[in-house]
Structure formats: structure tokens, C-alpha cells
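The values are calculated or read from the model by the stated rules, or taken from the named source; none is laboratory data. As the structure is a computational prediction, the values presented were derived from the model and not from experiment. In this analysis, Cβ positions are derived from the backbone assuming ideal geometry, glycine residues included, and neighbour counts consider all displayed protein chains. Remember, those area values only see protein heavy atoms, side chains included, never the ligands or the DNA or RNA. Shrake-Rupley method; radii C 1.70, N 1.55, O 1.52, S 1.80 Å.
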Amino acid sequence: MIASLDPTAQVLQGLLIYGVMPVWLLAGFGDWLLHLRQRIEEMVGWREPALHLLMVAEITVGLAAALLLQITAAVLVLLLGVAIAHELTVWRDLSFASARRRIAVPEQWVHALQIMIPWMALGMLAVIYRDQVGAILRGGGADWSLRLKEAPLPLVQVLAIVVGGSMLVGFPFVEELWRGVRARRRRARRR
């Protein structure tokens, strides 16, 4: 944690790293497990898994910015853009999926976490860096630069998030897309 943050900001930063991130990663893994169990590739082929990977990519951009860059007005606006893009992709994904397969209650619950957590994380960062939010809202004094963190997060925290994200979300959803591509090829050969 960064010692220069006030006590409230330090608590929120700890909650983000040790609470929100693990729940978010486990929700992503849970979503993949539910898709695996349901064998969505047989119902939707590669298109829904491709949307899942797009959402992973969107969140990865925001996560990389939050982990590596100084949180400035520019980064907060970038994170807002990422959250909006993710929300639009979620909408497209759920519209596509619900027309082709049943989305069971456990999957809906996991989706609720996946939808809520980016907004919750952005809200927590907005409280931690409220000076930048205030400067944006006042229309002056905001820092619009993009630069590496002045006091980087401990390497072990960054690596834990990167490795955890790769193992619990990244690789599983690449595997899901591969299953979808293979299912499409099998259907094409049967025709």
C-alpha cells in the first residue's frame, strides 16, 4: 500500500487488492466452469466465447492501467470508458446468449458480480483519488497525464493479480473459445 494515502484510502486500496480482486477473479472462473458444465460451445459455437474474450480484453486494459499507472484524471476517464465498453459488451453477450441457451440462476448470480465489480472498483478508486474527481468536476486542475505510478504497488501484488487473472480468467476463456471453434468445425463436417 502507498503510505501517502489517507487512512480511508489505504483501507479502500486494501479492499480492492485483497477483497474485490479475488472475488472478481473467482467469479470469472466460476462463469467459465458454468459454461464448461453447460457445454455452451455445442449451443453457441465460437461467437459467445469470442464476446467473453472481448470482455476479458477490455477489463485487462483497465486493470493494467490501474495497476501500473498513476491514477490521474486521464486514468479515471480511461477506466470509466473501459467500464462503459464492458457494460455494452455484456449487454451484447447476454442478448446473444439468452436467445440461444438457458442462462441458469447460478450463472446469472455470477454475471451480477462480474457486472457490478468494475463499477464498484471504479467507485472505490474515485474515493481514493477524489482530488482528481473533484478537479474533473470543477473543470480545472485535473492531471491529464499518463505516467507510471510514482509509488508502484508491491511487485508480489501485481504478479499475484496477473498470474491469478491469467490462470482463473484468461486461459480458461481462451480454452472456451477453442472449444467453440472445434464445435463449429465438427458441425461443418457433419453437413
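Figures for the structure shown
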| item | result |
| --- | --- |
| Unit charges on C-beta of K, R, D, E only; dipole of segment 102-191, Debye | 1160 debye |
| Computed label-point distance, nm, for sites Ala151 and Ala99 using a 7 Å Cα→Cβ extension | 5.1 nm |
| Residue order for Glu48, Glu150, Glu87 - accessible surface, 1.4 angstrom probe, largest first | Glu150, Glu87, Glu48 |
| Accessible surface ranking that places the most exposed of Ile17, Ile84, Ile40 first, with a 1.4 angstrom probe | Ile84, Ile17, Ile40 |
| His52 accessible area, assembled protein chains, probe 1.4 Å, Å² | 10 Å² |
| Val77/Leu33 FRET efficiency (R0 30 Å; Cβ-Cβ; nearest 0.05) | 0.30 |
| Potential extension, Gln108-Leu137 segment - 0.36 nm per residue separation minus Cα distance | 6.9 nm |
| Overall Cα dimensions of segment 55-185 - principal axes, largest extent first, Å | 54, 32, 25 |
| Cα-centre dipole for the chain with unit charges at Cβ (Lys and Arg positive, Asp and Glu negative), debye to 20 | 1380 debye |
| Ranked order, Arg130, Arg147 - accessible area, probe 1.4 Å, largest first | Arg130, Arg147 |
| Accessible surface, per residue, of segment 1-157 when the full set of protein chains is kept, probe 1.4 Å, Å² | 52 Å² |
| Principal-axis tilt of helix 47-68 within the chain, Cα atoms, nearest 10 degrees | 20 degrees |
| Leu68-Leu15 FRET efficiency (beta carbon distance; Förster radius 25 Å; 0.05 resolution) | 0.80 |
| Segment 1-73: C-alpha gyration tensor shape, a/c 1.5 cut-off, then a/b vs b/c | oblate |
